[in-house]
Amino acid sequence: GGLVAAPAVAIDALRAVEKPLFPTDGDYVGMFGAIELEFIDGPIFLDRDYRVDGRVLALGESPKTEVTWYESTLREAQQDRPVARLVMMSRLLKASSALWT
């Protein structure tokens with residue numbers, strides 16, 4: 001049924017929740033800690049409209065990083081049917097943030 005999104009494109013779409021979930025003030029260096037991509041009722045098609053929602057699962061830190069675990073779900077825009085889910089661990093290097101220097 002159409003052009004299918006590559007996994008990297010799917011992950012980018014599901015990462016759209018990052019700025020609303022944890023806005024930052026200024027530049028920083030971020031790192032991926034873990035990525036789990038699940039196709040619930042996929043694939044993701046490039047020619048369809050979707051919406052994404054998410055929630056923070058956990059927050060933590062190490063001596064050099066701040067850590068966020070979050071989950072996001074990609075849904076069909078019209079039917080609200082979940083298509084894919086992402087669980088991600090995102091890390092921010094403290095030394096790269098003005099808040100920590």
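The values are calculated or read from the model by the stated rules, or taken from the named source; none is laboratory data. Quantities reported herein were computed from a predicted structural model and do not represent experimental measurements. Don't worry about glycine lacking a Cβ; one is built from the backbone with ideal geometry, like all the others, and counts go over all protein chains shown.
Listing for the model above:
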quantity: Boolean, L86 is under 22 Å from L3 (Cα atoms), touching a Ser or Thr at 6+ places or on another chain (Cβ under 7 Å) and surrounded by 15 or more Cβ atoms within 10 Å (Cβ to Cβ); calculated: yes
quantity: So Y70, is it aromatic (F, W, Y), more than 11 Å from the chain's Cα centre (by Cα) and buried (at least 17 other Cβ atoms within 10 Å of the Cβ); calculated: no
quantity: Residue ID - farthest from V83 (Cα to Cα), chosen from residues in region 11-37 that are surrounded by 15 or more Cβ atoms within 10 Å (Cβ to Cβ) and charged (D, E, K, R); calculated: E18
quantity: Positions within region 49-58 being touching a residue at least 24 places away in the same chain (Cβ under 8 Å) and in contact with a strand residue (DSSP E or B) (Cβ under 7 Å, 6 or more places away or on another chain), in sequence order; calculated: Y50, R51, V52, D53, G54, R55, V56, L57
quantity: So R91, is it surrounded by 11 or more Cβ atoms within 10 Å (Cβ to Cβ), modelled with pLDDT of 95 or more, among the charged types (D, E, K, R) and assigned to a strand (DSSP E or B); calculated: no
quantity: Among the residues listed as G42, G54, the single one being of a type outside the set (A, V, I, L, M, F, W, C), touching a helix residue (DSSP H, G or I) at 6+ places or on another chain (Cβ under 6 Å), surrounded by 11 or more Cβ atoms within 10 Å (Cβ to Cβ) and over 19 Å from L93 (Cβ atoms); calculated: G54
